[in-house]
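Read the structure below first, then the notes.
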Amino acid sequence: MVMNIFKKIGKTAALAAAGLMISGTLAMAGGDSVKADTENGITIFLAGDSTVCDWDAIRGEGYYEPQAGWGQMLYRYFDDTVTVKNGAISGYSSKTFYQGCVAKNDYVKHLEELLKTAEEGDYLLVQFGHNDSSKPTEEQLVTRPDIAERHVEPEEFKEWLLKYVVDARAKGVTPVLVTPCGRYSVSNGKFVSNFTGYVEAMKEVAAENDVILVDLDAKSRAYYNEVGEEGAKSIFLFCEAGMYDSYYKDGAQDKTHFQKFGAIQLARMVAEGLKEAGATGLVERMKDNVERPETAPATPTNIEVLVDKGTMFTFTWDEVEGADLYTVYRVVTMNNGKELISVAKQTEENKCVFSDLDKDKEHTFYVVSKNMSGESEESERVTRGSAEGTTTKKKVNNMTVASDEGGGLADILPFIGIGAAVVVVVAVVVSVVIVVSKKKKGE
């Protein structure tokens, strides 16, 4: 009987272990999803720098909140027959990505590594220029030798780009050159390019070798000019101190990198450029959301609390058509009655999860949906009280108000799952001890 139980538990444990191994492998690979399990599934491989890379994969989701690269948002514009494998690395240029960086003790040929699983019909998108163009100062020659190593002039840049084109085509992969996205760089009231020589070099390589080109430099700057200097701050990594409990808790005024909202818009421009260039193998797999929205999205409604337990607090709202992102705001009422409002989270899902709220304090939130054309009005507010089970929703904008006393099935489901997992682990350990003990007695 014990052996039968052991067999059953062993099978369950093996399945669980397999799941952990798979999830661990994906995490090490930068959070890439498994390739679409369809006969016509393809992969888009990304080679690039910090404006492209997946920041959630570096130190875990939330660590660099709200920073994101456009590469981690590209999946949004394709159907489930497309897998995006983001190989972009922060701080690398076309040169160091291709051959490694001795100054960082990195001898990996990252393009070769990235394309190991590539198959005929796949695509390789290449965006460099930011780090290629950076020249080291006298001090950096000593303190940052990697900057000197990664720097290349425009003519040499062309030579490195050609290597990407040749290597991709050797594997039956279609190369796409993407000009470096614009920075928050303004002159005479207009956003200007910091990479003119490199943009032209990339255009020349594309023209001379019949390669698809997406001019993200021009597209991004046109968008920045549409929204203006102040509006562009919601695209780039501008945030005030205290807005996020993350690496950027002290605030940021980063003129190169993007917030999640900006990364989503840059990714849309890349998809848009692919469509305009007639990349047929990708166009037929694109979703309708590639088209730029004509109006701002509607206000999020029907906020519903799912979990209100201890430090955990989770609430959802109805998905808003046309929304690219939802911003969850935290409201703190001062003794004088004034409200202090800050950003609590930016999320692509119509769901907000908090796992570390102070359970002895009151917390009030509301949600705003946003897209390329603007943002909605504030949603109704949801307040998590200072004691468990005191969640309330306040009437705002003439919406119907509901309340939740807490303590329902939704509150305890996560803990039921954890308890079951603990029971399985304990049973496996006990069974193994029994088997080993019997084996030793028989020796």
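The values are calculated or read from the model by the stated rules, or taken from the named source; none is laboratory data. Computed from a prediction, not measured in an experiment: that's the story for all the values here. Reconstructed Cβ throughout: ideal geometry from the backbone, glycine too, with neighbour counts over all protein chains shown. Please note that ligands, DNA and RNA were not included when accessible areas were found on the heavy atoms of the full protein model with its side chains. Shrake-Rupley method; radii C 1.70, N 1.55, O 1.52, S 1.80 Å.
Restricted to segment 52-117, the set of helices (runs of 4 or more DSSP H) holding at least 2 residues that are open to solvent by 20 Å² or more (accessible area, probe 1.4 Å) and in contact with a Phe, Trp or Tyr (Cβ under 8 Å, 6 or more places away or on another chain) comprises 56-59, 94-99.
Criterion first (modelled with pLDDT under 95, farther than 22 Å from residue 182 by Cα and either under 24 Å from the mean Cα position of the chain (by Cα) or of a type in the set (D, E, K, R) (or both)) does residue 112 satisfy it? No; evaluated as a whole, the condition is false for this residue.
Among the residues making up segment 246-261, those that are open to solvent by 50 Å² or more (accessible area, probe 1.4 Å) and free of Cβ contacts under 8 Å to residues at least 60 places away in the same chain are 249, 250, 253. Out of the residues in segment 149-176 meeting the condition of being among the small types (Gly, Ala, Ser) and open to solvent by less than 40 Å² (accessible area, probe 1.4 Å), tell me which one is farthest from residue 207 (Cα to Cα). It comes out as 172. In segment 217-232 there is no residue matching the filter, namely being touching a residue at least 60 places away in the same chain (Cβ under 8 Å) and either open to solvent by 20 Å² or more (accessible area, probe 1.4 Å) or under 20 Å from the mean Cα position of the chain (by Cα) (or both). Scanning segment 337-362 for residues that are open to solvent by less than 20 Å² (accessible area, probe 1.4 Å) and in contact (Cβ under 8 Å) with a residue 40 or more places away in the chain yields 343, 346, 354, 357. Among the residues of segment 316-334, count how many are part of a loop (DSSP other than H, G, I, E, B), closer than 22 Å to residue 70 by Cβ and among the aliphatic types (A, V, I, L, M). Total satisfying the criteria: 1.
Please tell me if residue 109 is touching a residue at least 24 places away in the same chain (Cβ under 8 Å) and charged (D, E, K, R). Against the criterion (touching a residue at least 24 places away in the same chain (Cβ under 8 Å) and charged (D, E, K, R)), residue 109 does not qualify.
With respect to (1) closer than 26 Å to residue 56 by Cα; (2) touching a residue at least 40 places away in the same chain (Cβ under 8 Å); (3) surrounded by fewer than 17 Cβ atoms within 10 Å (Cβ to Cβ), the lone exception for residue 375 is condition (3). Looking at residue 277, is it under 28 Å from residue 90 (Cα atoms), surrounded by fewer than 20 Cβ atoms within 10 Å (Cβ to Cβ) and in contact with a Gly (Cβ under 7 Å, 6 or more places away or on another chain)? Taking the combined requirement at face value, the residue does not satisfy it.
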